[in-house]
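Structure, as C-alpha cells:
No lab work stands behind these numbers, since they all come straight from the coordinates. Here the structure is a predicted model, which means the values were calculated and not measured. Because the Cβ atoms are built from the backbone with ideal geometry, glycine has one as well, and the counts that use them run over all protein chains shown.
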Amino acid sequence: MGQKQNPYLQIPLHESLHTGAQGIDSGMGVQTWEQTFGDQWGYLEEVRELLGYDIFRMAQMLEGLKA
C-alpha cells in the first residue's frame, strides 16, 4: 500500500506528462522521465519560486500537524 503524499511536494503536471505515453506514472517511469525532463526536486524549486513562498517549510509544518 502506498503512502499518502504531502500536497505541498506534488508537482503540477499536464495530463500527458503524468499519465500519458510520456507520463511519469505510466510508460516512462520515474528514472527515464527525470533523464528526459529533469529532476523533480528542481521542478519543486521552480514552483516554490513562482509561488513566492516556501513549499518545503509548509510541507514540514503539515507533517508536524499529523504527528
*Which one is nearest to Leu13 (Cα to Cα), of the residues in segment 44-67 that are among the small types (Gly, Ala, Ser) and not in a helix (DSSP H, G or I)?*
Gly52
*Take Leu13 and decide whether it is surrounded by 12 or more Cβ atoms within 10 Å (Cβ to Cβ), over 24 Å from Lys66 (Cα atoms) and aliphatic (A, V, I, L, M).*
yes
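A quick yes/no check of all residues on (1) under 13 Å from Pro7 (Cα atoms); (2) touching a residue at least 40 places away in the same chain (Cβ under 8 Å); (3) basic (Lys, Arg):
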{"residue": "Ser26", "(1), (2), (3)": "no, no, no"}
{"residue": "Asp39", "(1), (2), (3)": "no, no, no"}
{"residue": "Leu44", "(1), (2), (3)": "yes, no, no"}
{"residue": "Leu50", "(1), (2), (3)": "no, no, no"}
{"residue": "Met58", "(1), (2), (3)": "yes, yes, no"}
{"residue": "Leu62", "(1), (2), (3)": "yes, yes, no"}
{"residue": "Leu65", "(1), (2), (3)": "no, no, no"}
*When you go through (1) under 29 Å from Leu65 (Cα atoms); (2) surrounded by 15 or more Cβ atoms within 10 Å (Cβ to Cβ) one by one for Gly20, which number turns out not to apply?*
(1)
_Restricting to segment 20-43, name every residue that is in a loop (DSSP other than H, G, I, E, B) and either in contact with a strand residue (DSSP E or B) (Cβ under 7 Å, 6 or more places away or on another chain) or more than 27 Å from Leu62 (Cα to Cα) (or both)._
Gly20, Ala21, Gln22, Gly23, Ser26, Gly27, Met28, Gly29
*asked:* Quick check on this structure: which one of Leu13, Leu62 is within 12 Å of the chain's Cα centre (by Cα) and either on the phi < 0 side of the Ramachandran plot or acidic (Asp, Glu) (or both)?
replied: Leu13
